[in-house]
Amino acid sequence: MAQITSGIRSILSHPKIYNISQALVGASHARTIFVDYLEIKHVSCLLDIGCGTAELLNHLPEMIHYVGFDTSVKYIDTAKRNFSHRHAEFVAKQLTDTMLAGYEPFDRVTATGLLHHLEDTEVRHLFQMAKGALKCDGLFVSIDPCYVDSQAIISRMLIDRDRGKNVRTLSDYKCLAESIFTAVAIHHRNDLLRIPYDHAVLVCS
């Protein structure tokens, strides 16, 4: 995983600071729109890879069985405290194929803000795991910062300073997904946060 965790970025490793920073930029609104891409109406089980503090659960129906993996023990502990009332499981480990073998196939697999922390080979492996974890009619949906043509200066400046060192263009994300998934759609959004920022939403099946 390629990310910068030193300097001022290190404070984002603290769950409270991370959640506050997300709230300030309007991440709740972004998650609401992201959930639309999940087509959640008939979904009963969802796997969230790199779930962070699992704030996505605030935007998911109560009946969903949610499984979240994250390598941060602090994030997972926060998720357990905040969502102990939900039908949810939180695991403070990096997801592996062996771990997935213990679960029934999922309707949806998500990765929010994860791909831009990974090298290309790691992304392909994640895609392969996600594909193997899905039901036949399931979807993998991700969202990450991206570079686009004629990008707003502030957006590019903020993305350049992201903790993730592998922010890609829309076409780069799409090409990586197409190396694993049969059907891939990519959506550019620059209206999700209160600040100028460009996102790539991948929807794969």
With criteria (1) in a loop (DSSP other than H, G, I, E, B); (2) more than 28 Å from residue 163 (Cα to Cα); (3) touching a residue at least 24 places away in the same chain (Cβ under 8 Å); (4) open to solvent by less than 70 Å² (accessible area, probe 1.4 Å), residue 107 comes up short on (1)
Looking at segment 163-184, which of the residues that are part of a helix (DSSP H, G or I) and in contact with a helix residue (DSSP H, G or I) (Cβ under 8 Å, 6 or more places away or on another chain) is nearest to residue 127 (Cα to Cα)? 177
Whichever residue in segment 28-69 is part of a loop (DSSP other than H, G, I, E, B) and of a type in the set (S, T, N, Q) and, among such residues, is nearest to the chain's Cα centre (by Cα): 53
Hey, does segment 171-187 have a residue that's exposed (fewer than 14 other Cβ atoms within 10 Å of the Cβ), of a type in the set (Gly, Ala, Ser), touching a Leu at 6+ places or on another chain (Cβ under 7 Å) and within 22 Å of residue 46 (Cα to Cα)? no
Those residues that are within 22 Å of residue 138 (Cα to Cα) and open to solvent by 30 Å² or more (accessible area, probe 1.4 Å), I need them from segment 114-125; list them, please. 122, 124, 125
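Taking the options 35, 25, name whichever one is open to solvent by less than 70 Å² (accessible area, probe 1.4 Å), modelled with pLDDT of 95 or more and of a type in the set (Val, Ile, Thr).
Just one listed residue meets the conditions, 35.
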Could you say which residue among 143, 154, 159 is open to solvent by 70 Å² or more (accessible area, probe 1.4 Å) and among the β-branched types (Val, Ile, Thr)? 154
Go through segment 82-130 and give me each residue that's within 21 Å of residue 54 (Cβ to Cβ) and acidic (Asp, Glu). 89, 104, 107
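The values are calculated or read from the model by the stated rules, or taken from the named source; none is laboratory data. In this text, all values refer to a predicted model and were calculated from it rather than measured experimentally. For neighbour counting, all protein chains shown are included, and Cβ atoms are generated from backbone atoms with ideal geometry for every residue, glycine included. For the accessible areas, the whole protein counts, side chains as well, though only heavy atoms, and no ligand, DNA or RNA atoms are used. Shrake-Rupley method; radii C 1.70, N 1.55, O 1.52, S 1.80 Å.
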